[in-house]
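Contents: one structure, followed by commentary.
The numbers here are math on the coordinates, done by the rules we state, and not lab data. Nothing here was measured: the structure is a model prediction, and the numbers come from that model. Don't worry about glycine lacking a Cβ; one is built from the backbone with ideal geometry, like all the others, and counts go over all protein chains shown.
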Amino acid sequence: MSNRKYITFNYPTSQGGGKTLLTGIRDVIDNKGQVYISGFYKYPTQSASVVPFVYKGTMGGTGTWHVLNYPSSYGTTVIETNLYGPNNGAKHNHIQVVGNYTTEETNGSSIGCLYEGPLDGTGLWTTLIPISSKPVLNTIAHSTMGGYVVGNYSTKQLHSKAFIYDIKNKKFHKILKSDSKSITAYGIWHNKKNQYTICGGYTNGNVETGINTGYLVDWDSDTHRFSNWKSFNYDNNPLTAIITHFDGITSDNHNGYYLTGDWIGRSPNSSKLGFFAHVKRKPNNKFTKAIWSSISCDNYPTSGNSVYKKAVIGVYVISEDTVNGYISL
């Protein structure tokens, strides 16, 4: 994977110094060769609004951009919407996309959300806030597939907690890992029927294994049981990276997965870089070690935010005020 091609992929009306953040990618099942790409664009001035979008088209840039803003209502003044994960909807040209929005009334705290409907924005928005014994400060929904959403939220303790949301039954399920102090869920893949695989990262306080460690886990939507937990450090070596986090997952069509995410080396001068990883399954259905390759666009700090087949999307940071989106093939 060292011969990757990087294509800058920015919001079409982007201005110099702006930020295009590409966050999620999924194939369009009824239009072969097309994908949905979610994200949001931040104008270079603080006063300008954020543009949340879903792009539908080819990875070569032939397509259309659709703006989807969580609507304000009486008592709710929406400041901005951020979109993170697209999926095919129940009807032709319908989508599901998740993310979060902020309002004036909540002083900018993130509130999870789900949109279902046509790309013109006339569909249904749903607010997602997990049930918790302590006040929920921020909720971000990251990915959706097969009728479920995954994401994470925080409380006053500021430790991240992960959740699964059942769209049909409007119920939340916790993702609990016994040795973790903080955990996220950034990607979900629907394998078949009631079988799902979830990816993200967790912290257990053991610096020797990294501040943050990536994970994969299987989940049964009928029994709500987790199985085959496996931890991952970049390059399969806890001494290489202080942070390893999975951000996106897709099938390799052979009972394995392609993944992307971020890693930071243990050197004090290390920049954040993305990665592409391939994980297979053993005969007993457990996960193998990953095969890794780094994602780096023009030697800038680069993130791996989502993956479709072997294509990775994310951002590369030119300066504090200039961030470009990219597609890597």
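A few remarks follow.
- Normalising the Debye intensity of segment 227-285 to I(0), with uniform scatterers on Cα atoms only, and taking log10 at q = 0.16, 0.17 Å⁻¹ returns -0.55, -0.61.
- Evaluated over segment 245-329, the Cα radius of gyration and Dmax, each in Å: 13.9, 48
- Whole-angstrom Cα spans of segment 203-302 along principal axes, big to small: 45, 31, 22
- Rg to Rh, two decimals, where segment 22-78 supplies the alpha carbon set and Rh follows Kirkwood: 1.09
- Eligible aspartates and glutamates near residue 181 by straight Cα distance, threshold 17 Å, same-chain separation 8 or greater: 208
- When only Cα pairs below 8 angstrom with a gap of at least 6 residues are kept, the chain shows a relative contact order of 14 percent.
- Relative contact order computed over segment 9-160 (Cα-Cα under 8 Å; 6+ residues apart), in percent: 15 percent
- Dipole magnitude for the chain: about 980 debye, using +1 per Lys or Arg Cβ and -1 per Asp or Glu Cβ, origin at the Cα centre.
- Among 42, 272, 286, the largest mean-square fluctuation in a Gaussian network model of the chain (Cα springs under 10 Å) belongs to 286.
- Note that segment 129-136 has calculated 3J(HN,Hα) couplings of 9, x, 6, 9, 6, 10, x, 7 Hz, one per residue in order, obtained from phi through the Karplus relation 6.51 cos²θ - 1.76 cosθ + 1.60 (θ = phi - 60°); glycine and proline are x.
- Stokes-Einstein translational diffusion, segment 16-151 - Kirkwood Rh over all Cα pairs, 0.692 mPa s, 37 °C, in µm²/s: 214 µm²/s
- Spatially, segment 155-233 and segment 253-282 are offset by 17 Å when compared through their Cα centroids.
- Size of segment 67-112 from its Cα atoms: along the principal axes, largest to smallest, the extents are 36, 20, 15 Å.
- Listed pairs 280/309; 56/171; 192/280 exceeding 19 Å between Cα atoms: 56/171
- For segment 84-183, trypsin sites (Lys or Arg not before Pro) are listed when DSSP marks them as loop and at most 14 other Cβ atoms sit within 10 Å of their Cβ; the list is 91, 156, 168, 170, 181.
- When segment 1-100 is described by a simple charge dipole with +1 on each Lys and Arg Cβ and -1 on each Asp and Glu Cβ, the residue from 72, 20, 90 located farthest towards its positive end is 20.
- What the Cβ-Cβ distance of residue 7 and residue 91 gives, at R0 = 25 Å and to the nearest 0.05, is a FRET efficiency of 0.25.
- Ratio Rg/Rh [Cα only; Rh per Kirkwood] for the chain: 0.94
- Peptides 135-145, 26-36, 317-327 ranked from most to least packed by the mean count of surrounding Cβ atoms within 10 Å: 135-145, 317-327, 26-36.
- Long-range tail of P(r) for segment 177-251 (Cα pairs > 14 Å, %): 59 percent
- Percent of Cα pairs in segment 93-248 per distance bin of 5 Å, from zero to the largest separation: 2, 9, 18, 21, 19, 15, 9, 5, 2, 0.
- Segment 144-219: projected area of the alpha-carbon convex hull, averaged over directions, in nm²: 5.2 nm²
- Under 5 Å, built H, 5+ apart or other chain: amide partners of residue 72: 78
- Over segment 261-309 - Rg/Rh using Cα atoms and the Kirkwood inverse-distance radius: 1.09
- Residues in segment 63-94 reached by a label modelled at residue 126 [backbone nitrogen below 17 Å; 7 Å Cα→Cβ]: 70-71, 84-91, 94
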